[in-house]
């Protein structure tokens with residue numbers, strides 16, 4: 001039974017470490033590869049359920065987009081994400097400029113303008129702001145700590161069970 005507890009503790013701690021690493025480095029939580037899009041020209045962009053993020057090469061850069069042709073049937077939003085969100089791709093740092101969502105998800109034709117020279121799109125990352133990232137890192141740290149405490153408790157009980165019984169009352 002103690003081995004099960006040690007295995008569970010290792011699993012919890014490993015999950016915490018993996019989540020922390022993923023959040024810290026943004027490995028599986030990002031939106032995938034950036035696709036550069038031309039400015040001022042209609043371009044078809046896939047807007048998945050969690051939305052698409054537009055990125056620019058200058059921090060604080062602004063983008064303006066319009067849906068060309070048939071608008072989404074349901075609600076759509078074009079909002080400004082956390083300006084501190086950035087990714088490194090193609091040898092450059094890209095900064096979040098706009099989060100686009102549409103209902104239903106699908107392919108939409110957009111025309112975007114910006115004072116920037118480069119604009120790129122990708123699926124929106126799961127973690128889109130600093131506060132969410134901090135909460136995820138805290139959760140990862142707590143998972144790791146719980147796993148380590150479980151391992152310590154299971155190991156100490158194992159050692160205690162291995163000690164010979166002490167005579168009582170002599």
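General observations
- Segment residue 155-residue 7, length gained on full extension (0.36 nm per residue, minus Cα span): 52.2 nm
- Per-peptide packing, taken as the mean over residues of other Cβ atoms within 10 Å, places 55-61, 93-99, 147-153 in the sequence 93-99, 55-61, 147-153 from highest down.
- Mean projected area of the convex hull spanned by the Cα atoms of the range 35-125, taken over all viewing directions: 5.2 nm².
- Gyration tensor (alpha-carbon) shape descriptor, the range 30-72, a/c threshold 1.5: oblate
- Cα-projected label distance for residue 39 with residue 25, points at 7 Å along beta-carbon direction, nm: 3.4
Throughout, read-outs are computed from the coordinates displayed, never taken from laboratory work. In this text the structure is predicted, and so the values were computed from the model without any measurement. With ideal geometry, Cβ positions are generated from the backbone for all residues, glycine too; neighbour counts draw on all protein chains shown.
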